[in-house]
Structures are given as C-alpha cells and as structure tokens.
Amino acid sequence: MTDEQPTANIETLRFRLRERAKAFAQSEIATLSDLHEQEKPPEDLWRAFGVTGMTSIGLAPEYGGDGGDLRAMAQVGEAIAAEGGNLGLAGAWMARQLCARLHIYGYGTDEQKERYLPRLAAGLSTPCFAVSEPGAGAHPKHLKTEAVRDGDHYIVNGKKAYLTNGPISDLILLMAITGVEEGRKQYSIFLVPRETPGIEETEGVKIDFLKPSCHCGMRFTDVRVPADALLGPEGDAFATFSLPMRKVEDAISAANKAGAYCFQINQLGREVAACDLEKETLAELGSLAAARDGLSALSYRAVELLDLDPVGNAETVEATTAAARDWIKGLQQRVEAFIERSGITPSPKLAAVTRDIVKTTSIAGGAHAIRAERRARDLMK
C-alpha cells in the first residue's frame with residue numbers, strides 16, 4: 001500500500017460521513033422550526049440519529065461503527081450546525097460520540113466494549129459523562145463524590161451537575177474519588193447503568209440556551225457498583241479522561257461554532273437579499289464568510305494535531321484552540337455590527353443561533369482566562 005492510499009481513503013471517508021450529516025440535518029433537523037424552544041430532543045429525532053447511521057460515525061467498525069477520525073467527527077458536527085441551524089444538537093451528538101469513542105473504546109475491557117459499543121453505534125443507548133459537581137465545576141480539588149471499595153463492589157455517594165444528555169441517558173460514565181495519596185485525590189471512572197438503585201435525577205444547572213440539548217444533575221446514594229464496572233486504571237481518571245476530553249471538546253466545539261456561523265451568515269445573506277445594500281456592506285458580508293472559513297480551518301488543524309499525537313501536540317493544540325476562541329469573539333462582534341448596520345430583524349431561528357454562540361463563548365471564558373494567565377506567567381519566568 002502506498003503512502004497516498006491511506007490519505008485518499010480517509011479523505012473519501014470524511015467526505016462520505018460529512019455528506020451523510022448534511023443530508024440528515026437538512027431532512028430531519030432544518031425542517032423543525034421550534035427545536036430551539038424544546039427542553040429535550042424529540043424522541044423520534046434522537047432515534048433517527050441511530051436509524052440513519054449518525055451514531056456509528058467515529059466508532060470502530062468491529063463494534064458496528066463506520067470509523068472516522070476526529071477530523072471527520074469535527075466536520076460532521078460542523079455540518080449538523082450549519083445545515084440544521086442548531087448548535088445545541090450538534091453538541092449533544094458530539095458528547096454522545098466522544099463518550100463512546102474516547103472513553104469506552106479507548107479504555108474499556110473487551111467485555112465492556114462488547115457490552116456497550118454495538119448498542120451505542122446503533123443509537124440504542126445514550127451515555128453521559130458525570131464529572132462536574134454543584135458549586136465545584138470540574139475542578140479536581142473541589143470534587144467530593146466518593147466510591148468506597150466494599151468487597152467486589154464500590155459504594156458511591158455524591159452529587160453531580162450539568163450532565164449533557166443526562167435526562168435522556170441510560171448509561172453514566174461516573175467519575176468518583178477512590179482514594180487519596182500524598183494529599184492528592186485519586187479519581188476513577190465507572191460505567192453505571194442509569195437504572196441502578198440509588199440514582200436520582202436532580203434539576204441541576206438551569207440554562208436558557210443550546211436547546212434542545214438537555215442537562216441535569218444526579219444524586220448518588222449508596223449506589224452499589226460492581227468492581228468490573230471500573231473503566232480504565234483505578235485512581236488516574238482525571239488525567240486519563242477529563243483533561244484529554246477537554247482538549248478534544250475545545251477543538252471540536254470550534255468546528256461546531258464554525259457550522260453555526262455558516263448557518264448564521266447564510267441566513268443573513270438571504271435576509272438582506274431584497275435590500276439595497278451599499279458596496280461596503282456587501283463586501284463585509286463576503287468578508288464574514290471568509291472569516292467563517294478561517295475558523296473552520298483552525299478547528300480542523302486542532303483536531304488533526306490530536307489525531308496525530310494528542311500528547312506531543314498538546315501545547316500546540318491549546319494554542320490553536322485559543323486562537324479559535326479569539327477568532328470567534330471577533331467574528332461575533334462583526335456579525336452583530338453587520339446586523340445593526342443592515343437594519344434587519346433576525347428570524348427566531350437566527351436569533352437563537354446567535355444567542356447560543358454568544359452564551360457558550362461567555363461561559364467558557366473563565367476557564368480559558370485561567371489558561372491564558374498561566375501562559376503569561378510562563379513567559380515572565
């Protein structure tokens with residue numbers, strides 16, 4: 001096999017998966033005008049993700065998946081947002097796929113993979129990743145949920161917050177403290193079926209955006225989890241699962257937002273088509289489209305680096321996603337200025353997409369500011 005053949009094969013696969021996502025979003029998502037008002041994805045729509053093969057994207061063929069690297073998954077998320085006009089649904093799909101790909105396939109035993117991955121690839125199961133806690137976020141120093149060994153089980157007690165897809169999940173990837181060494185908490189991940197006794201859904205953090213992506217909290221009271229539900233090595237879950245997941249989420253969320261901007265800017269083009277615009281305003285619309293393409297390129301570069309070497313490229317990935325965040329801020333300011341200058345009144349769907357971009361960017365700002373400060377202090381050493 002030549003060096004060119006693998007590249008050609010993955011490019012063909014990326015194209016095929018992206019086209020599948022575009023067709024799905026156009027037929028199943030774009031036709032639903034009130035999605036941005038719903039609290040959960042409609043059951044028939046969520047089921048359609050599995051029926052049409054959207055849930056097999058990025059998962060291993062030996063477990064019913066279609067394969068595809070992180071670049072392919074980023075392009076699919078971008079297509080969902082661009083063609084469907086819904087950033088929340090793109091994020092909900094991505095959260096589902098990353099739990100299966102990064103965590104269960106990446107660290108599961110053969111038995112765990114055989115048990116869970118075929119159902120996930122077929123869209124018959126929805127996982128959620130339970131890390132954040134009330135008042136603590138995902139900061140490792142402040143998490144309190146514990147899993148105490150009791151023979152061939154662990155007993156879990158604690159609370160979790162902001163579980164993406166939590167209300168519609170049937171499988172929980174639960175992070176809990178399993179020990180303390182030299183004053184440092186040791187975290188582990190467990191695969192916990194939702195119907196396990198002692199699990200109670202709580203309201204969690206209320207948000208008024210990213211609909212119909214849904215979130216909730218959960219309370220765990222004396223939940224007995226078999227020892228063989230441990231996913232990956234005991235005591236090293238924060239470094240193994242949470243930190244790498246954050247980098248992938250940052251990179252792919254930039255692609256999702258590029259898709260949202262694609263929808264946004266295309267809609268602006270349609271809404272001003274009947275207006276008598278000045279040449280400068282027309283030129284700005286074209287410049288916005290070019291800036292959107294630049295954001296796509298940045299996000300693709302970040303996920304390509306993760307595909308090649310997630311550890312060795314960690315710093316470059318962080319720098320690339322930081323550049324993408326700055327790009328997003330600048331692009332949104334320009335979009336808002338364009339809307340004001342052109343005098344149009346955005347449609348409800350366009351207004352919802354704009355709201356989702358602005359609020360998700362604002363929420364992530366605190367964590368990103370901390371990383372920027374750390375980089376600045378490194379420069380001053």
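Each value in this text was obtained by applying a stated rule to the coordinates, not by laboratory testing. Model, not experiment: these values are computed from the prediction. Glycine gets a Cβ as well: all are built from the backbone with ideal geometry, and neighbour counts include every protein chain shown.
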Spatially proximal lysines relative to Lys329 (Cα-Cα < 22 Å; intrachain offsets below 8 disregarded): Lys211, Lys247, Lys257, Lys349, Lys359
Those aspartates and glutamates that a straight Cα-Cα span of less than 18 Å connects to Lys279, excepting residues fewer than 8 apart in one chain: Glu271, Glu340
Surface/4 of the Cα convex hull for the chain, nm²: 21.3
Distance (nanometres) between label positions extended 7 Å along Cα→Cβ at Asp34 and Leu124: 3.3
Straight-distance crosslink candidates among aspartates and glutamates, where the alpha carbon sits under 13 Å from Lys185 and sequence neighbours closer than 8 are dropped: Glu146, Glu234, Asp236
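Just want to confirm a number: the relative contact order over the stretch 128-234, from Cα pairs under 8 angstrom separated by 6+ residues, in percent.
On the way: 245 pairs, mean separation 33.5, N = 107.
Reported relative contact order: 31 percent.
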The chain, helix-only ellipticity at 222 nm - DSSP H runs n ≥ 4, -39,500 (n - 2.57), divided by all residues, nearest 500: -17000 deg cm²/dmol
Simple label model, 7 Å out from Cα along Cβ direction - Ser347 to Ala273, nm: 1.0
Value of D in µm² per second that Stokes-Einstein yields for the stretch 47-86, Kirkwood Rh from Cα pairs, at 37 °C (0.692 mPa s): 310
The stretch 67-146: trypsin sites (Lys or Arg not before Pro) falling in loop per DSSP and having at most 16 other Cβ within 10 Å: Lys141, Lys144
Exposed GluC sites (Glu not before Pro) absent: longest stretch of the chain, with sites in DSSP loops and at most 14 other Cβ within 10 Å deemed exposed: 40-181
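For Cα pairs less than 8 Å apart in space and 6+ apart in sequence, what is the mean separation divided by the residue count of the chain, i.e. the relative contact order in percent?
On the way: 630 pairs, mean separation 64.0, N = 381.
With pairs under 8 Å counted, the relative contact order is 17 percent.
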In range of the label at Thr316: residues from the stretch 57-76 whose backbone nitrogen is under 17 Å from the point 7 Å along Cα→Cβ: 70-71
Unit Cα scatterers, Debye sum, the stretch 240-323: log10 I(q)/I(0) for q = 0.15 Å⁻¹: -0.61
Where labels lie 7 Å past Cα in the beta-carbon direction, separation of Val358 and His153 in nm: 5.0
Of every Cα-Cα pair in the stretch 4-126, the percent that sits beyond 19 Å: 45
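Quick check: convex hull of the Cα atoms in the stretch 238-379, volume per residue, rounded to a whole Å³?
Numbers: hull volume 16.9 nm³, N = 142.
In the stretch 238-379, the Cα hull volume divided by residue count equals 119 Å³.
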